[in-house]
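Asks: If you scroll down you'll find the structure; I have some questions about it.
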Amino acid sequence: MPASDEKLMTQYQDGDYDAFCLLYERYHKRVFGYVRRKVADHGRAEEIFQMIFLRLHKSRHQYNAALPLAPWLFTISRTVLIDEMRRRREEVCNTDIEAIPAQPVVEPLANLSLESLQLEQAQLLQLRYGDGLSFEQISVRLKASPQTIRKRVSRITAQLRNLFAPKEQVE
């Protein structure tokens, strides 16, 4: 019978590198999948993934073997992810405005925030595109038929497309 995650973590705390290798083998796909769902850029996701296992290494002596390992590891994952997002946001805010090259307005949707939409519309877009839920999953949450959800999302995206479509110049 293979050793439990908690037993392996205890062995790792005692300096057993092979125990860490087994834990990494058990969790690396799940942790990377979690990060990848939150971070679109593959390279950035890999960096954050490495930070998570570095934090695990640095925090290994704080782990309590009486508690399950998986929730502890995913709490570390979530914390690292949030810290990285905050750090990136601060970098953008602290960047010298003169150092930012002028950007042509070719992607107006990039400037659109969900706050400018009605609450229901924003919720639908968040569930569909932000959380990646299917129309069926959204319909269960919102207690409406999948067809109704599909139509609502389609209408919202069409409205946004029309609102932000390049206007033809009239001479």
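Asks: Which one of SER59, SER77 is farther than 28 Å from ASP131 by Cβ, small (Gly, Ala, Ser) and either part of a helix (DSSP H, G or I) or modelled with pLDDT of 90 or more (or both)? Show your work before the answer.
Replies: Values: SER77 fails: farther than 28 Å from ASP131 by Cβ.
Unique residue meeting the criteria: SER59.
Asks: Now a separate question. Every residue in region 25-52 that is surrounded by 15 or more Cβ atoms within 10 Å (Cβ to Cβ) and either closer than 13 Å to ALA70 by Cα or of a type in the set (A, V, I, L, M) (or both), please.
Replies: ARG26, TYR27, VAL31, TYR34, VAL35, VAL39, ALA45, ILE48, MET51, ILE52, listed by residue number.
Asks: Next question, about the same structure. From the set of residues in region 121-164 that are among the basic types (Lys, Arg), touching a helix residue (DSSP H, G or I) at 6+ places or on another chain (Cβ under 8 Å) and without any contact (Cβ under 8 Å) to a residue 24 or more places away in the chain, which is surrounded by the most Cβ atoms within 10 Å (Cβ to Cβ)? Lay out the reasoning, then the answer.
Replies: Within region 121-164, the first condition is being among the basic types (Lys, Arg), and the residues that meet it are 128, 141, 143, 150-152, 155, 161.
Those left that are additionally touching a helix residue (DSSP H, G or I) at 6+ places or on another chain (Cβ under 8 Å): 128, 141, 150, 152.
Narrowing further to those that are without any contact (Cβ under 8 Å) to a residue 24 or more places away in the chain: 141, 150.
Values: ARG141: 12, ARG150: 16.
The qualifying residue surrounded by the most Cβ atoms within 10 Å (Cβ to Cβ) is ARG150.
Asks: With respect to ARG89, is the statement that it is of a type in the set (Lys, Arg), loosely packed, with under 13 Cβ neighbours inside 10 Å, at pLDDT below 95 and not assigned by TED's automatic domain parsing to the domain that holds GLY130 true? Lay out the reasoning, then the answer.
Replies: Numbers: of a type in the set (Lys, Arg): yes; loosely packed, with under 13 Cβ neighbours inside 10 Å: yes; at pLDDT below 95: yes; not assigned by TED's automatic domain parsing to the domain that holds GLY130: yes.
Spelling it out, ARG89 is indeed of a type in the set (Lys, Arg), loosely packed, with under 13 Cβ neighbours inside 10 Å, at pLDDT below 95 and not assigned by TED's automatic domain parsing to the domain that holds GLY130.
The values are calculated or read from the model by the stated rules, or taken from the named source; none is laboratory data. Just so we're clear, the structure is a prediction, and the values are computed from it rather than from any experiment. Glycine also receives a Cβ, built like all others from the backbone with ideal geometry; neighbour counts cover every protein chain displayed.
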